[in-house]
Amino acid sequence: MLIKLAWRNIWRNKKRSLITITAILIAVFLAIIMRSMQLGMYDNMIQNVVGSYSGHVQIHNEGYWDEQTIDNTFTDNDSLNQSIEHRKDVSVVTKRVQSGCLSSFNDQSKFVFVTGIELEKEQRMTDWNKRLLEGELLKEENNAINIGKGIAKYYNLKVGDTMVFIGQGYHGMQAVGAFPVGGILDMKNPNLNSVSVFMPLSTAQEFLSAKGMLSQLIISKAAYGDEDALSNSLKERLGETYEVMTWREMMPELEQIIQADSAGGLVMIFILYMIITFGIFGTVLMMTQERKYEFGVVVSIGMKKLKLMITMVYETLFLTSIGVLAGILCSRPIVLYYHNNPFRFPEEQVKMIENQGFEAIIPFMSTYDIPITHGLTIFFISLLICIYPIITIYKLNPIKAMKR
């Protein structure tokens, strides 16, 4: 009965109710679109730099991050690798060995990082087929290498050309070798493209005289996993023998970029919430003040104040619910469209963005937690606003109210 009464009451003044619902709709719509765009952009940035190459968590030998040399590698431990990979919050664990070398082709030379990778595990973490520009991906049965497109451009290399490498191997051994170029990759990061040379793990270990040694154990978290919780758990288990680092520790500048940009978005959403708060409060204030006489009459004829309070709460929640649901329904098609068809920056901005190491697209994030979060925020604001009519009805004097 009270629900039916509340529903009829909000449509007694249709224009005012529609204006309030529209204001809530616009606020929810803009908040969802804005946060979906921002969080999608951050997720793409992290995926470009973290999820597709460096991993969410890395395990090194103690002291490796401060002095990244081949002598600071650690012995491969299959039991450790398997125990980590069997965790529910872990998607992929892959091994790498890496060292800096001087590369050469014809009369030119360039410093590069030679990285030995596990082909199958890397494919699970990164779709290398999408990054292959020419040639073919690495194979265990041959010594062909894959290089970043920046190296290929520097040397004017083609698939089939042979590069020469010279560097320092494990414990002072000399690392010298000549390898044919089997494929050219676009790592979606100019810095990686200009220094990355990939070999099968066993080939790189043999080249560096580091058989059975690893530089890094790369861990990719499971979907919706928490890399900080994973890192802390591994630190407790592994002790001080290894150093466990999240991508935030390895790339603090990326985290700072995200936090700085996110702060501006949160300020805009806070302003939207302030506007909608006063909009809802203004409606509730008018509904309460205009109906004081009515409240006095119904209380005088025996209606309990508690039921009257509940009716007012229902009215406020009805207005809010309609606006929130309409905002979510209006924003959802746009979010899904730009999630599947990312917004692309104009051509004049593409090079600048790619030079910073990011893909020049903004895919919207389509997770349901964004509309749920903003919808619940508006609900809590409405419940807070309901305090005013509750206090007004609680203090209501029927005789004074009917003299208005």
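We did not get these values from a lab; they are worked out from the coordinates using the rules stated. Treat the numbers as computed from the prediction; the structure is a model and nothing was measured. Positions of Cβ are generated from backbone atoms using ideal geometry, with glycine treated the same way; all protein chains shown enter the neighbour counts.
Report the normalised scattering of the stretch 187-324 as log10 I(q)/I(0) at q = 0.13, 0.20, 0.21 Å⁻¹, calculated by the Debye formula with identical scatterers on the alpha carbons. Ignoring solvent entirely, the Cα scatterers give -0.87, -1.29, -1.33.
Here the translational diffusion coefficient of the stretch 36-90 follows from Stokes-Einstein with Rh set to the Kirkwood radius across Cα pairs; for 25 °C and 0.890 mPa s it amounts to 178 µm²/s.
Can you tell me which of 299-310, 201-212 comes out highest on packing, and rank the rest after it, using the mean Cβ neighbours within 10 Å? Show your work: numbers first, answer last.
On the way: 299-310: 14.0, 201-212: 19.1.
Going by the mean number of other Cβ atoms within 10 Å, highest first, we get 201-212, 299-310.
On the beta carbon distance between Ile399 and Phe379, with R0 = 45 Å, the FRET formula returns roughly 0.80. The ellipsoid that matches the Cα gyration tensor of the stretch 131-190 has semi-axes, each √(5λ) in whole angstrom, of 22, 14, 11, with the longest given first. A Förster distance of 25 Å, applied to the separation of the beta-carbon atoms of Lys305 and Arg12, puts the FRET efficiency at 0.75. Over the chain, DSSP H runs of length four or greater, each weighted -39,500 (n - 2.57), average out per residue to a 222 nm ellipticity of -17000 deg cm²/dmol.
Mind checking the full-extension length gain between Lys130 and Glu236? Use 0.36 nm per residue of separation minus the Cα-Cα distance, one decimal, nm.
Numbers: separation 106, 0.36 × 106 = 38.16 nm, distance 3.73 nm.
Stretched fully, the Lys130-Glu236 segment lengthens by 34.4 nm.
What FRET efficiency do you get for Arg344 and Ile3 if R0 is 51 Å and r is their Cβ-Cβ distance, rounded to the nearest 0.05? All intermediate terms of the calculation are to be shown ahead of the outcome.
Details: r = 48 Å, r/R0 = 0.94.
Working from the Cβ atoms, E equals 0.60.
Summary of the geometry: the stretch 273-318 and the stretch 89-158, compared by the centres of their Cα atoms, lie 68 Å apart.
When each of His60, His171, His374 is scored by the number of other beta-carbon atoms lying within 10 Å, the sequence from fewest to most is His171, His60, His374.
Kindly state, as a whole number, the per residue volume in cubic angstrom of the convex hull around the alpha carbon atoms of the stretch 63-239.
Details: hull volume 22.1 nm³, N = 177.
It comes to 125 Å³ per residue, whole-number rounded.
With the Kirkwood sum run over all distinct C-alpha pairs, the chain has a hydrodynamic radius of 25.5 Å.
If the limit is 32 Å between Cα atoms, which of Lys121/Lys158; Lys15/Lys307; Lys110/Lys188; Lys158/Lys211; Lys110/Lys235 go over it? Walk me through the numbers on the way to the answer.
Details: Lys121/Lys158 27 Å; Lys15/Lys307 26 Å; Lys110/Lys188 20 Å; Lys158/Lys211 30 Å; Lys110/Lys235 37 Å.
Over 32 Å apart, Cα to Cα: Lys110/Lys235.
Of the GluC sites (Glu not before Pro) in the stretch 84-170, the ones in a loop by DSSP (not H, G, I, E or B) with at most 14 other beta carbons within 10 Å are Glu136, Glu140, Glu141.
Screening the chain for whole DSSP H helices with an alpha carbon extent of at least 27 angstrom along the helix axis and a mean Kyte-Doolittle hydropathy of at least 0.5 yields 14-46, 252-290, 305-340.
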